Amino acid sequence: MPDFSGKHGLIVGVANKRSISWAIAQAAAGQGARLALTYPSERLEENVRELAAQLENPLVLPCDVGSDQQIAALAASIDADFGGLDFCVHGAGFAPAEALKNPFVDTSRESFRIALDISAYSLIGLSRAVAPLMEKRGGGSILTLTFIGSDRVFPNYNVMGVAKAALESSVRYLAADLGPKNIRVNAISAGAIKTLASSGISGLSTMLQAYRERSPLRRGVDTAEVADAAAFLLSPAARGITGEILMVDSGFHTVGI
Ligand SMILES: NC(=O)c1ccc[n+]([C@@H]2O[C@H](COP(=O)([O-])OP(=O)(O)OC[C@H]3O[C@@H](n4cnc5c(N)ncnc54)[C@H](O)[C@@H]3O)[C@@H](O)[C@H]2O)c1
């Protein structure tokens with residue numbers, strides 16, 4: 001595992017102990033990173049504070065990624081405390097429930113706007129806010145989380161698939177913009193995992209079953225496996241990698257039928 005001693009990281013997207021972002025936080029903190037964790041609303045604040053209490057000297061800050069002001073305030077607080085930033089995990093995603101159960105053709109303009117804003121645009125806003133903090137460290141690594149529904153149709157994934165396609169394209173454009181500052185931008189495309197967010201997609205258990213039956217490894221992935229790959233991409237071990245979508249999905253994406 002990479003060594004994160006003396007490194008500072010921001011983790012956006014911890015909701016509970018099942019969150020992929022929480023597994024990444026544990027992996028990075030376990031190797032010495034000092035972390036800032038965020039919560040998007042008062043409803044989730046207590047959850048995040050309870051988990052953060054397991055970490056060494058964490059910062060816990062509010063950030064609804066739908067708000068430019070909150071993103072700016074987050075970056076300012078981190079700068080004041082950490083004096084820069086080495087890595088950032090963007091694990092926020094959201095689509096209105098009706099868009100994940102009605103036929104895709106019925107997606108409303110408002111659901112589309114919200115899904116794309118919270119799940120894709122937020123990476124751009126967050127990257128813009130943390131880039132100056134990373135420049136202070138001579139560079140950094142930004143990582144987001146995506147799903148193969150960006151490219152292929154999964155029942156009920158619907159507008160989240162479109163949002164993930166926008167997110168993955170944003171990874172490449174951000175990598176091009178920020179590369180000259182030695183800031184890398186990558187994504188992990190994780191296999192389906194039961195979490196708070198994925199439980200909102202009806203038919204998740206059918207999806208999980210498909211991973212067990214059809215993926216080359218004949219099983220799904222867990223959050224710790226995603227976190228190990230994330231730690232690699234966040235660390236200098238991946239210093240030559242940017243604009244990449246790394247599949248951590250038991251090889252599911254390689255299979256035709
Ligand atoms: N679970 C899976 O099967 C799977 C697979 C591939 C990719 N992903 C992606 O991984 C990421 C993390 O999801 P997860 O499965 O760990 O579920 P999760 O529910 O634990 O995490 C989603 C997070 O998004 C946050 N969020 C939602 N709206 C927000 C807002 N306005 N501002 C700030 N944060 C907001 C939630 O608070 C939550 O912490 C998501 O982008 C998801 O699409 C999940």
Around TYR211, under 10 Å between beta carbons, what's the net of Lys plus Arg minus Asp minus Glu among the other residues? +2
If the chain were replaced by its equivalent ellipsoid, with semi-axes equal to the square roots of 5 times the Cα gyration tensor eigenvalues, what would those be, largest first, whole Å? 27, 20, 18
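Which links in LYS17/LYS181; LYS136/LYS194; LYS7/LYS194 stretch past 32 Å when you go from one Cα to the other?
Numbers: LYS17/LYS181 34 Å; LYS136/LYS194 37 Å; LYS7/LYS194 30 Å.
The answer is LYS17/LYS181; LYS136/LYS194.
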Label-point separation, LYS181 to ALA237 (7 Å along Cα→Cβ), nm: 2.7 nm
Report, in degrees rounded to the nearest 10, the 0 to 90 angle that the Cα long axis of helix 223-234 makes with the longest principal axis of the chain. 50 degrees
With angles folded into 0 to 90 degrees, how steeply does helix 204-214 sit against the dominant principal axis of the chain? Use alpha carbons for both and round to 10. 80 degrees
Helix 68-82 vs. the chain, principal-axis angle (Cα, 0 to 90°, nearest 10): 40 degrees
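Quick one: net charge of VAL60's neighbours, Cβ under 14 Å, K/R +1, D/E -1? Each step should come with its number before you reach the end.
Working: positive: ARG34, ARG49; negative: GLU42, GLU45, GLU46, GLU50, GLU56, ASP81.
Once positives and negatives cancel, what remains is -4.
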Rounded to two decimals, the Rg over Rh value of the stretch 1-137 from Cα coordinates and the Kirkwood Rh reads 1.01
Could you state the number of Å between the C-alpha centres of the stretch 1-49 and the stretch 52-102? 10 Å
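Taking the solvent-accessible surface of protein heavy atoms with a 1.4 Å probe, what is the per residue accessible area of the chain in Å²? Walk me through the intermediate numbers first.
Working: 11670 Å² over 257 residues.
Per residue, the chain has 45 Å² of solvent-accessible surface.
Using the Cβ atoms and a cut-off under 12 Å, what net charge is assigned to the surroundings of ILE201, where Lys and Arg are +1 and Asp and Glu are -1?
On the way: positive: LYS101, LYS194; negative: none.
That works out to +2.
Report, in deg cm²/dmol and to the nearest 500, the calculated mean residue ellipticity at 222 nm for the chain, where each DSSP H run with n ≥ 4 adds -39500 (n - 2.57) and the sum is divided by the residue count. Kindly include the intermediate steps, with their values, before the conclusion.
On the way: 8 runs with 103 residues, N = 257.
Mean residue ellipticity at 222 nm (helix-derived): -12500 deg cm²/dmol.
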DSSP loop (so not H, G, I, E, B), at most 15 other Cβ within 10 Å: list which trypsin sites (Lys or Arg not before Pro) in the stretch 107-194 pass both filters. LYS136, ARG152, LYS194
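For the chain, what % of the accessible area comes from carbon and sulfur atoms, probe 1.4 Å?
Numbers: 6210 of 11670 Å².
Taking all protein chains in place, the chain shows 53 percent carbon and sulfur surface.
The values are calculated or read from the model by the stated rules, or taken from the named source; none is laboratory data. What you are looking at is a predicted structure, and each value in this text was computed from that prediction instead of being measured. Cβ: placed from backbone, ideal geometry, glycine included. Neighbour counts: every protein chain shown. These area figures cover heavy atoms from the full protein model, side chains too; ligands, DNA and RNA do not enter into them. Shrake-Rupley method; radii C 1.70, N 1.55, O 1.52, S 1.80 Å.
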